[in-house]
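One structure is given below, encoded as structure tokens.
Just so it is clear, none of the values below were taken in a lab; they were calculated from the coordinates. These numbers come from a predicted model, not from an experiment. Cβ sites come from the backbone with ideal geometry, for glycine too, and all protein chains shown count toward neighbours.
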Amino acid sequence: MDLKQLTTSLTTTREEIHKVREYFRTQDNSIYVKPEFMISPFQERIRQFANNFIKTYQKIEEQYPDKHHELLFHMQHVSLLGGMYMTLQAFLPPIQLLGTEEQYQKWRKLALEGRVIGAYAQTEIGHGSDVQSLQTTATYHKETKSFILHTPSTKAVKFWPGALGVQSSHCVCQAQTYVDGKHCGLQTFVVPLRDPKTYKLFEGVDSGDIGPKLSYSWNDNGYLKFTNYHVSLDSLLMKFITVDETGTVTKSGDKTTVKIGYGGMLGLRVGLSNYFLTDGLRAMAMAYRNTSKVGPLLPIKKREFLSDFAFLYSNLLTVDWLTRMFKIYTETVTKDIKAALRLLDELHNLACGIKAYYSWRVVDLIRRHSQSQTVGNLMFCGVVVCYGDTVPAVTYEGDNAVMLQQLAKTLCKYMRFVEMEEFQKIPDSFKFMEEFRHLLDKPDEIKIPIENSKELLDVQKIDELIGAITIFAIKDCYEKMKEKVMSGESMNVMWNEKLQGSMVEMAMIVTRGITFKMTRRILQAQDMKAKMKVKDFGILGDLLLIYGLDILRQDLKIACLFKIGAAPEKLGGLIDEAQEVACKKVEEFTEYIAEGHHYFEQDLYYVRDYNERALSDNGADRIKESIGVGETILPKL
Ligand SMILES: Cc1cc2nc3c(=O)[nH]c(=O)nc-3n(C[C@H](O)[C@H](O)[C@H](O)COP(=O)(O)OP(=O)(O)OC[C@H]3O[C@@H](n4cnc5c(N)ncnc54)[C@H](O)[C@@H]3O)c2cc1C
């Protein structure tokens, strides 16, 4: 099987980017940081990434002058690019969504020419998930035709934005906006921070790095405080609101259009989900290389590898789907605002669940794999970096619990639509609620009965079982909510105290189910089949089966509670038997895990470099024995 081809089919990475990467792998590996990087001074790390950016930028320009700008957007796959990653993935998208075409083209050009490095400055010390409460102000000053940005309290200091501390020349920044004493809502501005010639902060701007963190040692997450800082009128992004020199405010669209701005964050959330999964793959590739060379893997370990691998590969497809949905959304914004808002709603709910589910699962996956090998504790072995880079994902881009609560609220709303038979109000991705609602009328019967484990080797059957589990999980939470409302509980107390646990659990169950259903749908699509080799396609089908059985195992409690599949005392055993058989079907696949997915040669470089040191050391043999690594596993770079 050609894993490289498979990975390319599964992701949106461009063929040209693979070629550029290949060049750096074979001709100039200076962009792959050495282990010393981990302990090198902050300035050197920033310098290394600036260098990486310049080199890869030049290479792409030289090789693909016609597609240069287009390809730059995919550049983060070439290596870590520090500030440029934030510029392309977090600074430009909100400008595209909230700015006029003229504004977007201006900043896009500057960014792609490398003349602007931009951060996304939303979070304040006292305000994270609760975006509406941000306190930074922007007040229009007619005399100077400018906005005055101000930070009114310590709680309002921007804190955490990536690349803000040292690298950024500009940022996009959200502020409560006032014109003629009237509040015009939370608006977004493009703000110059540093003089492009001296790179000194402008007067009225105080910013810097927030200090060492658990991970992201390459990123200068920063703080930002304004003191009556004037920015030009056209700093305001004006697709949906305009303010002219006289202070006349014109808003286009209704109140809901403000939501379009959330789309900026959404793009990053979707992109990051891809990043978590590939982090999981690189960690597994390294762990597998190290673990398997000690001796044959124990069956239980093999099962663990396979089930994690099935999760990662199945979900790469889902993220690809979301990426396409996001692209459609950005195209629709300029054509049909109502359609865009509907799509945004659907995408937001999917991304809330998926970001939380992937980040928690990948953190757990990497932790397990790093603990199963002593070398996994070593900073110079890239697994630690993968772990450190994934842990904060549980918080950033919206705290996981908050994200899942939001999804759960929406699902309860949809359950109400189901009760009232208003199915047209339920978006496509959640239509399974209509499909499986009839099961709710049979509380005492066994739903989707299965007689033997063979039936569980059919993805259609698994799909139905998962559908039944999800509909009962939603209904259960919805009933609890109704009960609380009847007893006069306030919404706030209900969401945040009484039902938070149930809501988070329910949203996780539903998200797992949706990812299975989506992956299955994608595999059924004709263009997917056409794109792949028959054998690869078959293996993906087998991995999906393993993934589905894993979900059933995780949701066994709820299946038993609502009599789904079989009697409670029987169901667990049937799933076990089916898992045994399904894993045998793709046993050969474990060999491919060792190949990683061909993205992150950099990590393999860590391992090689580490091994070379270990072997040149006097205690080489002892080290070799105790950690089970050595020449034989060295990847050929
Ligand atoms: C590595 C990293 C990079 C980042 N990069 C950026 C960036 O580039 N730009 C940027 O603007 N920000 C960035 N952030 C900030 C990040 O987006 C915020 O940390 C995130 O939005 C969560 O906000 P918070 O930390 O204030 O936590 P909060 O939202 O205040 O949450 C704190 C706790 O309170 C709980 N909680 C919050 N609200 C509720 C509620 N309604 N109900 C029940 N419980 C609740 C949460 O579950 C959590 O346990 C970054 C953060 C990190 C760690």
Review point. Where does region 152-279 land on the Kirkwood hydrodynamic radius, alpha-carbon pairs, in angstrom?
Key: 16.7
**Study point:** Radius ratio Rg over Rh of region 262-593, counting only Cα atoms, Kirkwood formula for Rh
**Key:** 0.97
Exercise for review: Mind giving me the FRET efficiency for HIS69 and ASP195? R0 is 30 Å, r the Cβ-Cβ distance, nearest 0.05 is fine.
Suggested key: 0.70
Practice item. Starting from the amide H of ILE564, placed 1.01 Å from N in the peptide plane, find each other amide H under 5 Å away whose residue is 5 or more places distant or on another chain. Key: LYS447
**Study point:** Label-point gap, in nm, between ARG416 and ALA339 - each point 7 angstrom along Cα→Cβ
**Key:** 2.9
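Could you compute the net charge surrounding LYS442? Neighbours are other residues with a C-beta less than 13 Å from the C-beta of LYS442; K and R count +1, D and E count -1.
Surrounding charge for LYS442 is +1.
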Exercise for review: May I ask you to derive the FRET efficiency for LYS106 and GLN43 from their Cβ-Cβ distance with R0 = 30 Å, giving the value to the nearest 0.05?
Suggested key: 0.45
**Study point:** Order of HIS150, HIS69, HIS170 under a 10 Å beta carbon neighbour criterion, fewest first
**Key:** HIS69, HIS150, HIS170
Exercise for review: Calculate one ³J(HN,Hα) per residue across region 220-236 by plugging θ = phi - 60° into the Karplus curve 6.51 cos²θ - 1.76 cosθ + 1.60, and present them in order as whole Hz with x for glycine and proline.
Suggested key: 8, 4, x, 10, 8, 10, 9, 10, 6, 9, 8, 10, 5, 4, 7, 6, 5
**Study point:** Length released on extending from LYS570 to SER372, taking residue separation times 0.36 nm less the Cα-Cα span
**Key:** 68.1 nm
Review point. If amide H atoms are built 1.01 Å from N in the plane of the peptide, which residues on other chains or at least 5 residues away come under 5 Å of the amide H of CYS171?
Key: ALA119, VAL191, LEU193
Revision key, fill the gap. For the pair LYS557 and GLN132, the simple spin-label estimate (label points 7 Å beyond Cα toward Cβ) gives in nm 3.3
Point to revise | 5 Å-binned pair-distance histogram of region 374-479 (Cα, whole percent) | key: 2, 10, 15, 14, 12, 11, 11, 10, 8, 5, 2, 0
Practice item. At 7 Å along the Cα-to-beta-carbon direction for both HIS438 and SER232, put a label point, then send me their distance in nm to one decimal. Key: 6.4
Revision key, fill the gap. Extension length gain for SER252 and THR395 (0.36 nm per residue less Cα distance), in nm, is 48.1 nm
Check your understanding: Could you give the length gained on full extension between ILE300 and TYR23, defined as 0.36 nm per residue of separation minus the Cα-Cα distance, in nm?
Key -> 95.8 nm
